[in-house]
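Visitor: Following this message is one structure expressed as structure tokens.
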Amino acid sequence: MTLRPLDTRDFPAWLERSRAEYAKDLVALGHTSEDAHRQADESMARAFPAGIPAAAHAVFDVVDHAGVAVGYLWIGPDTSDDAGAWWIWDIVIDADKRGRGLGRMAMLLGEEYARARGAHTLGLSVFGFNTGARGLYESLGYETTSVKMRKRLD
């Protein structure tokens, strides 16, 4: 498996896919569809104000052994002042390809990529409902650094 830099011609479609995935996750958290899409639009506009990745950020197709793109990975520096702190901004493996170790390999390749660019830490956020991803990250040695909790009152 490899990470292949996303072709710039494919970037607009990737941006829309990533925006839609984020909005879907927000709806799963209980946001209205309208609010989720607004938040996703605002988040992507901040991350890609010129419609392209910010400096030092990279978006990759996750490519399986047959050369087929099976998902994507967006990685880059985090928002702190620590140049060695990097972040997995988004990772998705296509639903029909999950459970085959592709996410694990993509994470390990992302770690190598960040390490080669001077990263000494790599962080990420994961929604609480995504127990499969949480289990994967924990098995790779990621530790919980904060927990956000909420209770519905209606």
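The values are calculated or read from the model by the stated rules, or taken from the named source; none is laboratory data. A quick note: this is a predicted structure, and the numbers were derived from the prediction, not measured. Counting neighbours? That spans all protein chains shown, and the Cβs are built from the backbone with ideal geometry, glycine included. Calculation scope for accessible area: heavy atoms of the full protein, side chains included, ligands and nucleic acids excluded. Shrake-Rupley method; radii C 1.70, N 1.55, O 1.52, S 1.80 Å.
Visitor: Taking region 39-58 on its own, how many of its residues are touching a Gly at 6+ places or on another chain (Cβ under 9 Å), surrounded by 11 or more Cβ atoms within 10 Å (Cβ to Cβ) and either over 22 Å from residue 71 (Cβ atoms) or at pLDDT 85 or above (or both)?
Guide: 3
Visitor: List pairs: first in region 117-133 and closer than 13 Å to residue 87 by Cβ, second acidic (Asp, Glu), Cβ under 8 Å, 6+ apart or cross-chain?
Guide: 121/82; 122/111; 123/78
Visitor: Taking region 7-44, which residues are outside any helix (DSSP H, G or I) and either under 14 Å from the mean Cα position of the chain (by Cα) or among the small types (Gly, Ala, Ser) (or both)?
Guide: 30
Visitor: Tally time: how many residues in region 56-88 are closer than 15 Å to residue 11 by Cα and aliphatic (A, V, I, L, M)?
Guide: 6
Visitor: Related question: Could you run through region 106-154 and say how many residues are open to solvent by 100 Å² or more (accessible area, probe 1.4 Å) and either within 19 Å of residue 58 (Cα to Cα) or of a type outside the set (S, T, N, Q) (or both)?
Guide: Residues meeting the conditions: 14.
Visitor: Mind counting the residues in region 65-91 that are open to solvent by 30 Å² or more (accessible area, probe 1.4 Å), within 15 Å of the chain's Cα centre (by Cα) and aliphatic (A, V, I, L, M)?
Guide: 1
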